[in-house]
Amino acid sequence: MDLNNCRFFTIRIEPKRSTVELDYLLNNALAVASELGRVILTKMWVYDEALYVTFLVCQEKR
């Protein structure tokens, strides 16, 4: 995998979401990212009651 073709993306999910909403939001974010290339989940954390998710998206060489 060529890391020159990779980018980090971070999403923020507002606090007080239900488990169903959280699952829906994460699945949609990962689905959109996977359209751009290979997705690697790198980090999840909570700050100020919001959930942050960072993932690396790498485009395959053509």
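The values are calculated or read from the model by the stated rules, or taken from the named source; none is laboratory data. Keep in mind that this is a model prediction, so the values were computed, not measured. All Cβ positions, glycine included, derive from the backbone under ideal geometry; neighbour counts span all protein chains shown. Only protein heavy atoms, including side chains, enter the accessible area calculation; ligands, DNA and RNA are left aside. Shrake-Rupley method; radii C 1.70, N 1.55, O 1.52, S 1.80 Å.
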Lys, Arg +1 and Asp, Glu -1 on Cβ, resulting dipole of the chain about Cα centre, debye, nearest 20: 220 debye
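Expressed as a rounded percentage, what relative contact order does the chain have, with Cα pairs under 8 Å and six or more residues apart?
Values: 88 pairs, mean separation 30.1, N = 62.
Contact order relative to length: 49 percent.
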Rounded percent of accessible protein surface that carbon and sulfur make up, the chain, 1.4 Å probe: 54 percent
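Per residue, what accessible area does the chain have, given a 1.4 Å probe and all protein chains present, in Å²?
Values: 4930 Å² over 62 residues.
That works out to 80 Å² for each residue.
Rg over Rh of the chain, using C-alpha atoms and the Kirkwood radius, what does it come to? Could you put the intermediate results ahead of the total?
On the way: Rg = 12.9 Å, Rh = 12.4 Å.
Rg/Rh: 1.04.
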Degrees separating the helix 19-36 axis from the principal Cα axis of the chain, which is the longest one: 10 degrees
